[in-house]
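Participant: Got a structure here, written out as structure tokens. Questions coming.
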Amino acid sequence: MGTVLRFTFPEGVDVRAVEGDMALAIFAAECVYGRPRVRMETSYLVEASGKACVVDVSGEAGEAAARVFAGLAAARVGEHSYTVQRLPRSAPAADREGSVIER
């Protein structure tokens, strides 16, 4: 099972910059692990305001993308200007009922 991370940024952050940093982080992870593996192990959602980005990671490739994103966030807004929280993750439907996992 993976981890869900919530990155929270200061007011006024540029949503396009957050999205661009996440895209760059995914690209960097793809260079190391390959596109298929990164796509299987990483998904994300940036709030419309750009104030938060939720990253769902599983496996080394997903962790790599999240770490690169954290580094880019620190470079953009400062290491102490954003927070990262690990969020609780409920068991996927397949683990509970033997049905198809929805993503």
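The values are calculated or read from the model by the stated rules, or taken from the named source; none is laboratory data. Note that this is a predicted model, so its numbers are computed, not measured. A quick note on method: Cβ atoms are made from the backbone with ideal geometry, for glycine too, and the neighbour counts reach across all protein chains shown.
Participant: Of the residues 65, 75, 70, 61, which is touching a Lys or Arg at 6+ places or on another chain (Cβ under 6 Å), farther than 17 Å from residue 88 by Cα and assigned to a helix (DSSP H, G or I)?
Facilitator: Checking each option against the conditions leaves just 61.
Participant: Out of the range 1-30, which residues are buried (at least 17 other Cβ atoms within 10 Å of the Cβ), over 12 Å from the mean Cα position of the chain (by Cα) and not aliphatic (A, V, I, L, M)?
Facilitator: Answer for the range 1-30, where residues must be buried (at least 17 other Cβ atoms within 10 Å of the Cβ), over 12 Å from the mean Cα position of the chain (by Cα) and not aliphatic (A, V, I, L, M): 9, 30.
Participant: While we're looking at this one, here's another question. Given the conditions (1) of a type outside the set (A, V, I, L, M); (2) out of contact with any Gly (no Cβ under 9 Å at 6 or more places or on another chain); (3) modelled with pLDDT of 95 or more, which single one is not true for residue 33?
Facilitator: The number of the failed condition is (2).
Participant: Applying the selection to the range 31-56, what residues are surrounded by fewer than 21 Cβ atoms within 10 Å (Cβ to Cβ), of a type in the set (A, V, I, L, M) and more than 12 Å from residue 6 (Cβ to Cβ)?
Facilitator: 32, 40, 48
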